[in-house]
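The values are calculated or read from the model by the stated rules, or taken from the named source; none is laboratory data. Everything numeric in this text was worked out from a predicted model, so none of it was measured. All accessible areas refer to the heavy atoms of the entire protein, side chains included, with ligands and DNA or RNA removed. Shrake-Rupley method; radii C 1.70, N 1.55, O 1.52, S 1.80 Å.
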Amino acid sequence: QAQLVESGGGLVQAGGSLRLSCAASGVTLAIYTMAWFRQAPGKEREFVAAISWIGGSTYYADSVKGRFTISRDNAKNTVYLQMNSLKPEDTAVYYCAARRGAYSSGWSNYDYWGQGTQVTVSS
């Protein structure tokens, strides 16, 4: 059974940066696409970024393109989300997710989820 554990959330001022980490265990990540989603109060869960474990292709939502960077460390079984130039509208709970197979931006297509980490951006 896969386990995903996020860390790195917190409170930051607008324009600041945070780096989220997602440590995975119990799965062979070589066959998984890893992704970050976020959910703000009263809103739907939305796709943020994804990375294919084989090849390392990356995908981003338009709202974060150019500001966020997803990466992975195969040796540590860990995925990162570097968030720069943060805006108040980035405030949300951020979730790490894993999907067996090719990239998808649909949250319902992901098999495993972390518990989430809160990111709050003050104006």
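Extension gain, residue 63 to residue 7: 0.36 nm times the residue separation minus the Cα-Cα distance gives 18.0 nm.
For the set 27, 79, solvent exposure ranked by accessible area (probe 1.4 Å, protein chains only) runs largest to smallest as 27, 79. Each of 46, 89, 6 has its accessible area taken with a 1.4 Å probe; listed largest first, they run 89, 46, 6.
In the chain, the alpha-carbon atoms span a convex hull of 92 Å³ per residue.
For the chain, the fraction of 1.4 Å probe accessible surface lying on carbon and sulfur atoms is 46 percent. Residue 100 sits with roughly 150 Å² accessible to a 1.4 Å probe, with DNA, RNA and ligands left out of the calculation. Summed over the residues of the range 1-49 and divided among them, the accessible surface reaches 50 Å² per residue at a probe radius of 1.4 Å. If you take the square roots of the eigenvalues of the alpha-carbon gyration tensor of the range 1-73 and sort them as a ≥ b ≥ c, do you get rounded (a/c under 1.5), prolate (a/b over b/c) or oblate? Here the range 1-73 falls in the prolate category. Mean separation of Cα pairs under 8 Å and 6+ residues apart, divided by the residue count of the chain: what relative contact order is that in percent? RCO, the chain: 36 percent. Phi-derived couplings, Karplus 6.51 cos²θ - 1.76 cosθ + 1.60 at θ = phi - 60°, listed residue by residue for the range 73-87: 10, 4, 5, 9, 6, 10, 10, 10, 10, 8, 10, 10, 6, 5, 10 Hz, with x used for Gly and Pro. Using heavy atoms of the protein chains and a probe of 1.4 Å, the accessible area assigned to residue 111 is about 90 Å². Under 15 Å Cα to Cα from residue 76, which aspartates and glutamates show up? Leave out anything in the same chain fewer than 8 places away. Counting by Cα, and skipping residues close in sequence, residue 76 has these aspartates and glutamates nearby: 6.
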